[in-house]
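Worksheet: one structure, shown below.
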Amino acid sequence: EREQERERRQAQTMNEELTQPSPPNLPTKPNSEEDNIRHGTITSARWNLLSSMVGGGTLSLPLAFRQIGTGFAAPLLLILIAACVHFTILALISASNASGKKSLERRGNASLESLSCTAFGPCFYGATMLLVSSVCFFATVGYAVLLRDLLEPLADHLLPPSSPTVGPTLGRNVCMMVAVLLITPLTTLQTLTAL
């Protein structure tokens with residue numbers, strides 16, 4: 001009987017908590033400068049990274065398809081690259097799980113550098129960092145070229161080319177460099193959430 005009475009009281013308490021109206025969200029004054037800073041989460045970072053990759057890829061695909069030429073080569077090459085990326089990700093995950101300590105909280109290695117160090121020795125730690133840095137550098141170069149191509153009408157209006165040309169001109173490259181120089185300080189902020 002006591003057990004049933006206790007369960008009934010718990011259920012009644014839960015029902016009362018659910019039926020009570022929640023207090024209104026009143027605006028509060030920030031207490032410090034830290035209250036004004038928005039903090040990002042892993043999920044928001046993933047979505048921002050995904051949207052930037054999809055955006056750049058979507059804008060670059062038509063040019064890549066045009067430069068490949070034949071109609072069926074571009075989709076087949078895209079499918080082949082996707083299969084290679086899928087295989088690489090699965091291989092990295094299985095290598096990480098096989099090389100790291102297995103525990104209930106965590107298993108595998110925490111980073112690509114530590115995985116390469118475990119698999120190939122300490123000298124590959126620096127080599128992996130160099131490869132990752134070069135991938136990031138060339139991705140930045142690719143985005144700069146994409147930005148230059150998007151700014152082409154503005155560049156041709158501000159600094160008209162001497163003759164009609166296809167491809168990079170001095171004016172287009174100057175517009176690209178100005179845009180890169182304006183964007184670069186924003187990427188060095190302590191928190192990028194507000195961007």
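The values are calculated or read from the model by the stated rules, or taken from the named source; none is laboratory data. Predicted model, so just to flag it, every value in this text is computed and none were measured. Areas reflect the complete protein model, heavy atoms only, side chains present, ligands, DNA and RNA absent. Shrake-Rupley method; radii C 1.70, N 1.55, O 1.52, S 1.80 Å.
Output wanted: per-residue J couplings in Hz (rounded whole) for the stretch 55-66, from phi through Karplus 6.51 cos²θ - 1.76 cosθ + 1.60, θ = phi - 60°, x for Gly and Pro.
Each residue of the stretch 55-66 in turn: x, x, x, 5, 6, 8, 4, x, 5, 5, 5, 5 Hz.
State whether the stretch 128-195 is rounded, prolate or oblate according to the following rule on the C-alpha gyration tensor (a ≥ b ≥ c being the square roots of its eigenvalues): a/c under 1.5 gives rounded; otherwise a/b larger than b/c gives prolate, and the remaining case gives oblate.
Judged from the Cα gyration tensor, the stretch 128-195 comes out oblate (a/c at least 1.5, b/c at or above a/b).
Calculate what fraction, in whole %, of the accessible area of the stretch 110-195 sits on carbon and sulfur atoms when a 1.4 Å probe is rolled over the protein chains.
76
Read phi for every residue in the stretch 134-142 and hand back ³J(HN,Hα) as whole Hz from Karplus 6.51 cos²θ - 1.76 cosθ + 1.60, θ = phi - 60°, with x for Gly and Pro.
5, 4, 5, 4, 6, 5, 5, 4, x
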